[in-house]
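So the structure is just underneath, and the comments pick up after that.
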Amino acid sequence: MRFLVLNSLRYRKSAFAGAFVALFCAAALVSACATLMDTGLRGSVAPERYAGTPVVVSGDLSIDLVKQKKDKTKIKHKAVTERPWLPLEVADRLRTVPGVSEVVPEVEIPVYLERGSGERSWGHSWDSAVLTPFTIGEGREPRRSGEIAVDGGAVPGDVLTVRTPTGTRDYTVVGVTAQRLASQRSVFFAPEEAPALARPGMAAAFGVFGEVSAADLRAELSGTEAEVHTGDARGNAEFPDASAARTRLMSMGGALAGTSLIVAVLAVSGIFALAGLQRRRELALLRAVAATPAQLSRMLGQEALIVALAAAVPGALTGLLLAGRLHEAFVDLGAIPPNLPLVTGFLPAPAAIAGSLAAAWAAARLSGRRAGRVRPVEALGEAAPGGFRIAPLRVAAGVAAAGGAVVLTLTLSSVSTDRGAGPLTPLTALVWSLAAALLGPLLVRVVAAVIAPPLRRTGAAGRLAAEQLRTGADRAAAVVAPLTLVVALGCTLLAAGSTLDEAAEDQLRDGIRAGLVVGPKVPAQDAQALRRMPGVEAVTEVVRTTVRTVSSPYRAQGVTPEGLDKTMDLRTVEGSLVDLREGTMAVQERLGMAVGDLVEMALGDGTPVTAEVVAVYRSGLGFAQVTLPYATVAGHVDDPMSDFLLVAGRGITGADISAALGGSVGAASPSAALPGTSSANYVALGMIIAFAVISLVNTLAVATLGRSRELALLRLVGATKSQIMRSLAWETLPLALLATGLGTAIALVTLSAYASAMAGGALTFPGTTYATVVAAGVLPAFAALLLAGRAALRPRPTDALGFRE
């Protein structure tokens, strides 16, 4: 048996090379995604601002949500998305703990140093510079109101226009620090001015110095909302969104790893199925000379394991490098903080190797199932061309996969949150593609029966192609499956994003009644100034955040209710926004809430609130899923300045606005009012699509090279190279059309369900996107066919007939 295995690997290099490539890519993708997941699970954010502080005390960084299900009570712990602040009285309690030598309150002030800029710096009191520590490298420290020290970009004596939540004014730079943090810019105010710019009587955190036990500090703070952080945990206090980023990375990595594994199984199964078809005569002969089904299965399994091990080990190691590139891309796109380093653990690579070995072994055993179960007297007859049988088990599996895809599609049509629809959408397309792959031989036979008559009329090349489609349904199905996957997955992922974007833009365009959008980051003082301008009828302040109920997080906006009907139309379907006030809220339809409901939720910093639903609206994509009064939200976000203002009035221009606000902010494009979207998912999912394209090219090349003897025989009976190449092209064209049609149908079904839930049924399927995806699959397929066909025709026919199968 070992002799047969080694010789098969030696003399079937082309087929096993295809399996090697598929398994290498599969292991690399799974390893990379698992590494990202591991980073989310075990990664930690190193402190920057608090690097010189032994102990940091912050507010509670988690939310406890109580979920009641029948007679069971479950508490769910979720990370906050905004910084929770603490009263200054906490410092007095900390000073009573033995060993504490100094307690330094810290304030965090959002600061914008350039006119009209949305690039945020963080302001602090110079008294808290010791927390890093910062020292003055040039000039001196700020001592009075109107003075600041910066970490670069200016010199002492410069005058900068600084925008803070209390307004905009000019500050004189009196010092430049000798240090600068890696991921944030720092501005220091005079100690007597800084608290007034932040939240009077409150602190973002406390730095504790001295020989003190963390346990003693926790005991003293028992019963309060304060938490004690030491070591690397200080980074959590400095970056409260780091925990949410880790959770996001873990879920993203898990979803991508699962998607990669499914695509890998499809790709590897196709390659081994194709290799099995090319070895039918060999396997039939082994059965005829008394090889048992178990021996054949064991031989095929051992071959697959050897190839998988040779491919998976370097693939998994390459995946670690790929994970680094993905991590860098996610940082650049803002999906994760830059100071959350990649964790390279010992589990992702072995897990990827184990998954690849399992996929290869299962694919090889299944591909040899048919040859192993036939009776020896039937084996050689079945190896002859022209016979077609599809295993009943394969048909049953295909029908079951189609049934599962129907269930997923119906489920997707009822899921209206990003968190649910995000992973469910590609999964639905993948299961539909799996059903198409399993039922592929039947579909190819139907297409062959339809296309054969007109194909035969095109000449000798067309007649050859028609016969090949008729007799080689199994081989053709192996080519159709990966192209179907490329079109289905590519169109689904890209069109899902464009569907949401288009629906959001439509809702925004129809929903903004105000004549001007002003921003970015406008202080409340500036909004009041605009309200006093002649001709201004209404000014709506809008600040964005996230709120969380026990079931899900939601994108939320805080708006000033006064004059809201003149600036914003959310397309209310129930209730009225006129009733919006403190203690109430409006929600997007299909969130399972109705007018009159009392909803318990937590604001971004974990503050619990209960609000009554007074309105239900449709325009949740263009604005937010939850709308609250501005006063409810503004005190519980890191940056209370309005993300933008909506200004309604007569005869008001952008120049008037800019002049009234001293040029600090001005009129902006309505697109500035769109909620931000992340492109991070598309980066990794794009790599999965690229893997599917590689699998397609790989499969087609293996299928073509495996027909060397057949093509040589055609040449010996008079066919020319050009006729054979045309025959291969005519044979591939209907398969490409079939795969494109199947992939398009799968994408349309999946996207229709997605759009009905997420965008109110408004499906957007740009023609350029569709053409790009189809071209990305079809063009490489024909390029692979051309190159592999020429390679197969290069040897002399008599030499090619002597090749081992």
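Taking the criterion of being out of contact with any strand residue (DSSP E or B) (no Cβ under 7 Å at 6 or more places or on another chain) and closer than 21 Å to Ile688 by Cα, would at least one residue in segment 277-284 satisfy it?
Within segment 277-284, not a single residue is out of contact with any strand residue (DSSP E or B) (no Cβ under 7 Å at 6 or more places or on another chain) and closer than 21 Å to Ile688 by Cα.
Could you tell me which numbered condition Leu408 fails, if it satisfies all but one of (1) at pLDDT 70 or above; (2) surrounded by 23 or more Cβ atoms within 10 Å (Cβ to Cβ)?
The failed condition is (2).
Considering only segment 161-181, state which residues are without any contact (Cβ under 8 Å) to a residue 60 or more places away in the chain and buried (at least 18 other Cβ atoms within 10 Å of the Cβ).
Those that are without any contact (Cβ under 8 Å) to a residue 60 or more places away in the chain and buried (at least 18 other Cβ atoms within 10 Å of the Cβ): Val162, Tyr171, Val173, Val174, Gly175, Val176, Thr177.
Of all residues in segment 63-90, count the ones that are surrounded by fewer than 18 Cβ atoms within 10 Å (Cβ to Cβ) and either in contact with a Cys (Cβ under 6 Å, 6 or more places away or on another chain) or under 30 Å from Lys521 (Cβ atoms) (or both).
3
Exactly one of these conditions fails for Pro534: (1) over 27 Å from Gly422 (Cα atoms); (2) in contact with a Leu (Cβ under 8 Å, 6 or more places away or on another chain); (3) not in a strand (DSSP E or B). Give me its number.
All conditions pass for Pro534, except number (2).
Search segment 756-777 for residues that are without any contact (Cβ under 8 Å) to a residue 12 or more places away in the chain and pair each with any residue that is in a helix (DSSP H, G or I) when their beta-carbon atoms are under 6 Å apart and the residues are at least 6 apart or on different chains.
Gly761/Ala755
Any idea how many residues of segment 326-377 are at pLDDT 70 or above, assigned to a helix (DSSP H, G or I) and more than 18 Å from the chain's Cα centre (by Cα)?
Summing the residues that are at pLDDT 70 or above, assigned to a helix (DSSP H, G or I) and more than 18 Å from the chain's Cα centre (by Cα) in segment 326-377 gives 17.
Considering only residues that are under 19 Å from Gln507 (Cβ atoms) and either surrounded by fewer than 17 Cβ atoms within 10 Å (Cβ to Cβ) or free of Cβ contacts under 8 Å to residues at least 40 places away in the same chain (or both), which ones fall in segment 540-564?
Leu564, the sole residue that qualifies.
Given the criterion within 34 Å of the chain's Cα centre (by Cα) and β-branched (Val, Ile, Thr), identify the matching residue among Val212, Val162, Val228, Val208.
Val228
When you scan segment 789-805, how many residues do you find that are over 15 Å from Arg726 (Cβ atoms) and at pLDDT 75 or above?
Number satisfying all stated conditions: 5.
Any idea which residue in segment 413-450 is farthest from Ser756 (Cα to Cα), counting only those that are of a type outside the set (A, V, I, L, M, F, W, C) and not in a helix (DSSP H, G or I)?
Among those residues, the one meeting the criterion is Thr417.
Is at least one residue of segment 256-278 β-branched (Val, Ile, Thr), more than 30 Å from Leu700 (Cα to Cα) and out of contact with any His (no Cβ under 7 Å at 6 or more places or on another chain)?
No - not one qualifying residue is present in segment 256-278.
For the list (1) surrounded by fewer than 18 Cβ atoms within 10 Å (Cβ to Cβ); (2) more than 29 Å from the chain's Cα centre (by Cα); (3) not polar (S, T, N, Q), I need the number of the one condition that Trp730 fails.
Condition not satisfied by Trp730: (1).
To keep it simple, each residue is scored yes or no on (1) in contact with a strand residue (DSSP E or B) (Cβ under 6 Å, 6 or more places away or on another chain); (2) at pLDDT 90 or above.
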position: Ala466; (1), (2): no, no
position: Ala476; (1), (2): no, no
position: Ala496; (1), (2): no, no
position: Leu516; (1), (2): yes, no
position: Ala527; (1), (2): yes, yes
position: Glu541; (1), (2): yes, yes
position: Lys566; (1), (2): yes, yes
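Given the criterion in the same structural domain as Thr177 (by TED's automatic domain parsing), more than 13 Å from Val90 (Cβ to Cβ), of a type in the set (Gly, Ala, Ser) and out of contact with any Phe, Trp or Tyr (no Cβ under 9 Å at 6 or more places or on another chain), identify the matching residue among Ala194, Ala215.
Going through Ala194, Ala215 in turn, the sole match is Ala215.
May I ask you to say which residue of Leu320, Leu305, Leu286 is more than 25 Å from Cys33 (Cβ to Cβ) and either outside the structural domain of Pro348 (by TED's automatic domain parsing) or of a type in the set (A, V, I, L, M) (or both)?
After applying the criteria, what remains is Leu286.
Tell me whether segment 766-782 contains one or more residues that are surrounded by fewer than 19 Cβ atoms within 10 Å (Cβ to Cβ), at pLDDT 80 or above and touching a Lys or Arg at 6+ places or on another chain (Cβ under 9 Å).
no
Results for (1) in the same structural domain as Val187 (by TED's automatic domain parsing); (2) touching a helix residue (DSSP H, G or I) at 6+ places or on another chain (Cβ under 8 Å); (3) without any contact (Cβ under 8 Å) to a residue 40 or more places away in the chain; (4) not in a loop (DSSP other than H, G, I, E, B), shown as yes or no for each residue.
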residue: Glu102; (1), (2), (3), (4): yes, no, no, yes
residue: Pro105; (1), (2), (3), (4): yes, yes, no, yes
residue: Glu114; (1), (2), (3), (4): yes, no, no, no
residue: His124; (1), (2), (3), (4): yes, yes, no, yes
residue: Ser128; (1), (2), (3), (4): yes, no, no, yes
residue: Phe134; (1), (2), (3), (4): yes, no, no, no
residue: Gly137; (1), (2), (3), (4): yes, no, no, yes
residue: Ile148; (1), (2), (3), (4): yes, no, no, yes
residue: Ala154; (1), (2), (3), (4): yes, no, yes, no
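For the list (1) under 34 Å from the mean Cα position of the chain (by Cα); (2) farther than 25 Å from Arg419 by Cα; (3) surrounded by fewer than 19 Cβ atoms within 10 Å (Cβ to Cβ), I need the number of the one condition that Leu735 fails.
Of the numbered conditions (1) under 34 Å from the mean Cα position of the chain (by Cα); (2) farther than 25 Å from Arg419 by Cα; (3) surrounded by fewer than 19 Cβ atoms within 10 Å (Cβ to Cβ), the odd one out for Leu735 is (3).
Has segment 666-685 got any residue that is out of contact with any Lys or Arg (no Cβ under 6 Å at 6 or more places or on another chain) and modelled with pLDDT of 80 or more?
no
Could you grab me the full set of residues in segment 80-89 that are outside any loop (DSSP other than H, G, I, E, B) and in contact with a Leu (Cβ under 7 Å, 6 or more places away or on another chain)?
none
Report, by residue number, each residue of segment 546-576 that is in a strand (DSSP E or B) and of a type in the set (Ser, Thr, Tyr).
Thr546, Tyr554, Thr572
Given segment 203-306, what helices (runs of 4 or more DSSP H) lie entirely inside it while holding 1 or more residues that are at pLDDT below 75 and of a type in the set (Val, Ile, Thr)?
242-278
Given the structure, is Ala771 under 30 Å from Thr425 (Cα atoms) and either in the same structural domain as Gly422 (by TED's automatic domain parsing) or not in a helix (DSSP H, G or I) (or both)?
Considered against the rule, which asks whether it is under 30 Å from Thr425 (Cα atoms) and either in the same structural domain as Gly422 (by TED's automatic domain parsing) or not in a helix (DSSP H, G or I) (or both), Ala771 comes out as yes.
Return the residue satisfying two criteria in turn: it lies in segment 529-539 and is touching a strand residue (DSSP E or B) at 6+ places or on another chain (Cβ under 8 Å) and small (Gly, Ala, Ser), and of such residues it is surrounded by the most Cβ atoms within 10 Å (Cβ to Cβ).
Ala538
Taking segment 500-525 on its own, how many of its residues are hydrophobic (A, V, I, L, M, F, W, C) and in a helix (DSSP H, G or I)?
Residues flagged as hydrophobic (A, V, I, L, M, F, W, C) and in a helix (DSSP H, G or I) within segment 500-525 amount to 5.
The values are calculated or read from the model by the stated rules, or taken from the named source; none is laboratory data. Not measured: the values here are computed from a predicted model. All Cβ positions, glycine included, derive from the backbone under ideal geometry; neighbour counts span all protein chains shown.
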